[in-house]
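These notes concern the structure reproduced below.
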Amino acid sequence: MPGMNHSPRGQGLVREGPGTAARVYAWFERRLQLEGSVKEAALHPVPRNTASWWYVFGSAAFTLLFLQIFTGILLALVYVPSAGEAWNSLNILNHQIPLGWFLRAMHGWGSNFMVAIVLIHMAQVFLFGAYKFPRELTWILGVFLLLMTLGMAFTGQVLRFDQDAYWGLGIGASIVSRIPFIGGGLVHLLLGGPIIAGATLSRFFALHVFVIPGTMLLFAFLHVWMVLKLGVNDWPMPGRMVRRATYMEEYHHLTHTDGIPFIPGAFWKDLVFSGAILASVAVCAVVFGPFGPSGQPDPSIIQTVPKPDFFFLWIYTILSYLPPQMETPFLLIVPLSAIAILLALPFFAGEGEKSWHRRPVAVLMVSTIAVSWGVLTQQGTTTPWSPHMNAWSGDPLPENRIHDATPLVRQGAVVLQAKQCRNCHSIGGSGGERGPTLDAVATRLTVDQLRFKVVTGGGNMPAYGKNLSPSEIEALVSFLETLHPANEPPAYDASRHTVDASQPANSTAPASNAPPSPGTNP
Amino acid sequence: MTNETQSASPKPTPSGANTVAAPDGPRIVSRRWLLFKAAIALNGLVGLVLTVPVLRYLLAPWKKDASFNSWTSLGPVDAFPIGETRLARYVNPSQNPWDGQTDDIACYVRRESGSQFKVFAINCAHLGCPVRWFPQSQLFMCPCHGGVYYADGSRASGPPERGLFTYSWQIVSGELQIDAGQMPTLSNSAKLVTISTGPGDCRCQG
């Protein structure tokens, strides 16, 4: 605006009335009439101590929403929302369109940052008691914004139409199918048909590009509108209670006795943080690059290990650790109850203490949830419960385990490899982690227990009784019997002394009379 | 707060409406309200009528299982050796030209004898991940959460609560056909394998 000073036809020489810029501004303002509202929003007083770095997460989430919309539109210029072509168009974005990879990376990392910032914002709002009167509806809209953010993350993962997206949809369909009575119909609605196919991608595209972002924009504007109208939550002071009857007056008094204008007093920190977040997204995008796409979405390629994106790993972990019969009740009850509790929170705790110093349960809950989430996510990144599908053919046995071994023991080592035991059991640090490591298995189980375990399975181990011949079982057990540290003898059954001793003469002599056999356990 | 707006624009006399429309007597006003309510009702009615086709359109995929399924060939019977389990592929019977490769569905065929088959879905009964067949140990293993099934499809270990989903099959003029068409899940007619504790499994283990 200030740069628009060169006026046509020498009118600027008169310089009496307002300049061109001012006149253009006035022309627009007469029609838009925004100045009053904008000034009011910008200059409304906020409590001085809310100009804090703790209050920057909401505006950062808002900024990220617009980054996602902007980069999303740019990607939509190239992306083809067709099951047959989506994967190819993503690869063209990655490799052929100049800086297409960068925009995909910005969008992907923007999504990660957005989920993280929204969660932090929510935790901060909860700990600062900002959901209490009169900001209940702001909180409720915020809960829906969180759900939609997660919805965008999931639908976005589907639009990256690769193997993970395909099988992720399968996991989603399997979860939906557990809903009683209407599960089958809901699966068809979710997939747009009987299987994951073109119709599925089309409807997820519509959800990701129109339905959810449209609702999100509306909700986000209402959310911000209420922040402006109701004022930024005052810094919680221990002992300063929220009461419906007096709060508005107290807040008004606070902002007018110890308040500063929202701009620039508080807003500069929002600006700095938003800028820093945008820069961080860009740095991550440049350093780590875009997400996928992984293999083609061809369901007949089964050599794949599907895994959800980062923010859903915790669910993936829970579904591994829950007892099988608990899963369906968990999936159907817990998410809905969690959402219901979040929505109901401002109604049963709408008044009273705001400060976290006087709300130990709130602090405990946030820290418990945060730690659990962290642990579950960490487990989800390593997936110790997943068999390593290629360990049996790819992971070598440590040489010292078969060096100097008898032919029977070596045969047992071959059986161990060939029967995929290594997919779940590690030796020497390589192999699956589904079952216990076998490095010292002989110190834990006696020969008989080993044989029993191999034949009958139990716990998380399948029974190998029908899949191994007796000679293979013998060989395998004699190999397992050698798996113990040099300084630690293998476990033995004390009663074997008696049994072994009795065997040569079990028909004639009673066991107590027989001499101990020298060859068995020490 | 909004009333205090100090607008720079000329005041449009906000209370002007009342003074100009002075002749609004109570009867006229109530007639306007009646018309207004009638207009709302009209729109409500139109909206309601329009909801029907919209819902019908949205619920189009909500069909009975049978409407998706049809007999699909897996190829000649001889392609499946007796006593072995083989990966087979078919093209899903209901398809659109823009489906790409998503219509190529895999399944496992186990030929138990000359005329006896079992056809298993590729999807783990836990969360639908693709299970892999290991002929050496005669086990199906799932890469996601470690569900394991025996060769006959029954559950061996891990989180699945049941055995693998199976397809109905028939032999027509030397070809193995299966009743396919939809992703098998716990809620549709994917045929139940008898849930057994599995061969060799022993309850006394605890």
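Remark: pairs (first residue in region B:147-163, within 8 Å of chain A (Cβ to nearest Cβ) and surrounded by fewer than 23 Cβ atoms within 10 Å (Cβ to Cβ); second residue assigned to a strand (DSSP E or B) and modelled with pLDDT under 90; Cβ separation under 8 Å; 6+ apart in sequence or on different chains) = B:Glu161/B:Arg155. In region A:378-391, the condition of being closer than 30 Å to A:Tyr247 by Cα, assigned to a helix (DSSP H, G or I) and more than 14 Å from every other protein chain (Cβ to nearest Cβ) is met by no residue.
The residues listed here are A:Thr456, A:Thr443, A:Thr482, A:Thr437; of these, the one that is β-branched (Val, Ile, Thr), in contact with a Cys (Cβ under 8 Å, 6 or more places away or on another chain) and modelled with pLDDT of 85 or more is A:Thr456.
A quick yes/no check of all residues on (1) at pLDDT 90 or above; (2) within 11 Å of another protein chain (Cβ to nearest Cβ); (3) under 19 Å from A:Arg104 (Cβ atoms):
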residue: A:Leu169; (1), (2), (3): yes, yes, no
residue: A:Gly172; (1), (2), (3): yes, yes, no
residue: A:Gly192; (1), (2), (3): yes, yes, no
residue: A:Phe204; (1), (2), (3): yes, no, yes
residue: A:Val211; (1), (2), (3): yes, no, no
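Criterion applied to A:Pro306, A:Pro299 was being within 11 Å of chain B (Cβ to nearest Cβ), in contact with an Asp or Glu (Cβ under 6 Å, 6 or more places away or on another chain), assigned to a loop (DSSP other than H, G, I, E, B) and more than 30 Å from A:Asn49 (Cβ to Cβ), and the one residue passing it is A:Pro306.
Does any residue of region B:109-118 turn out to be buried (at least 18 other Cβ atoms within 10 Å of the Cβ), in the same structural domain as B:Ala180 (by TED's automatic domain parsing), of a type outside the set (Val, Ile, Thr) and under 19 Å from the mean Cα position of the chain (by Cα)?
Restricting attention to region B:109-118, the residues satisfying the condition of being buried (at least 18 other Cβ atoms within 10 Å of the Cβ) are B:109-111, B:117-118.
Narrowing further to those that are in the same structural domain as B:Ala180 (by TED's automatic domain parsing): B:109-111, B:117-118.
After this cut, where a residue has to be of a type outside the set (Val, Ile, Thr) as well, the list is B:110-111, B:117-118.
Imposing the further condition that a residue be under 19 Å from the mean Cα position of the chain (by Cα) reduces the set to none.
No, every residue in region B:109-118 fails to be buried (at least 18 other Cβ atoms within 10 Å of the Cβ), in the same structural domain as B:Ala180 (by TED's automatic domain parsing), of a type outside the set (Val, Ile, Thr) and under 19 Å from the mean Cα position of the chain (by Cα).
When A:Ala463 is tested against (1) over 21 Å from A:Gly412 (Cα atoms); (2) of a type outside the set (Ser, Thr, Tyr); (3) in contact with a strand residue (DSSP E or B) (Cβ under 9 Å, 6 or more places away or on another chain), only condition (1) is not met.
Note on region B:82-133: residues that are of a type outside the set (Val, Ile, Thr), facing chain A (nearest Cβ under 7 Å) and in a helix (DSSP H, G or I) total 5. Against the conditions (1) more than 10 Å from chain A (Cβ to nearest Cβ); (2) within 23 Å of the chain's Cα centre (by Cα); (3) surrounded by fewer than 20 Cβ atoms within 10 Å (Cβ to Cβ), B:Glu175 satisfies every one except (2).
Please indicate, with yes or no, whether at least one residue in region A:313-323 is loosely packed, with under 13 Cβ neighbours inside 10 Å and in a loop (DSSP other than H, G, I, E, B). There is at least one residue in region A:313-323 that is loosely packed, with under 13 Cβ neighbours inside 10 Å and in a loop (DSSP other than H, G, I, E, B). Summed over region B:67-81, the residues that are within 12 Å of another protein chain (Cβ to nearest Cβ) and exposed (fewer than 13 other Cβ atoms within 10 Å of the Cβ) give a count of 1.
Contact annotation: residue pairs with Cβ atoms under 8 Å, 6 or more positions apart or on different chains, pairing a residue in region A:311-336 that is in the same structural domain as A:Gly151 (by TED's automatic domain parsing) with a partner that is of a type in the set (Asp, Glu), are A:Leu319/A:Glu327; A:Pro324/B:Glu161; A:Gln325/B:Glu161; A:Glu327/B:Glu161. Among the residues of region B:73-80, is there at least one that is at pLDDT 90 or above and touching a Leu at 6+ places or on another chain (Cβ under 6 Å)? Within region B:73-80 (the criterion being at pLDDT 90 or above and touching a Leu at 6+ places or on another chain (Cβ under 6 Å)), the answer is yes, since at least one residue qualifies. Candidates A:Lys354, A:Lys419: the one that is more than 14 Å from chain B (Cβ to nearest Cβ) and not small (Gly, Ala, Ser) is A:Lys354. Tallying residues that are within 14 Å of chain A (Cβ to nearest Cβ) and among the charged types (D, E, K, R) within region B:31-66 yields 4. Applying a threshold of 9 Å to beta carbon distances and a minimum spacing of six or more residues, or different chains, the list of pairs starting in region B:86-115 at a residue that is under 21 Å from A:Ile301 (Cβ atoms) and ending at one that is part of a strand (DSSP E or B) and of a type in the set (Asp, Glu) reads B:Arg89/B:Asp104; B:Tyr90/B:Asp104; B:Val91/B:Asp104; B:Asn92/B:Asp104. A count restricted to region A:244-262 and to residues that are surrounded by 13 or more Cβ atoms within 10 Å (Cβ to Cβ) and farther than 13 Å from A:Arg48 by Cα stands at 3. What is the residue count in region A:359-387 for residues that are crowded, with 16+ Cβ neighbours inside 10 Å and either among the acidic types (Asp, Glu) or within 22 Å of the chain's Cα centre (by Cα) (or both)? Of the residues in region A:359-387, 9 are crowded, with 16+ Cβ neighbours inside 10 Å and either among the acidic types (Asp, Glu) or within 22 Å of the chain's Cα centre (by Cα) (or both).
The values are calculated or read from the model by the stated rules, or taken from the named source; none is laboratory data. All of these numbers come straight from a predicted model, not from anything done at the bench. Counting neighbours? That spans all protein chains shown, and the Cβs are built from the backbone with ideal geometry, glycine included.
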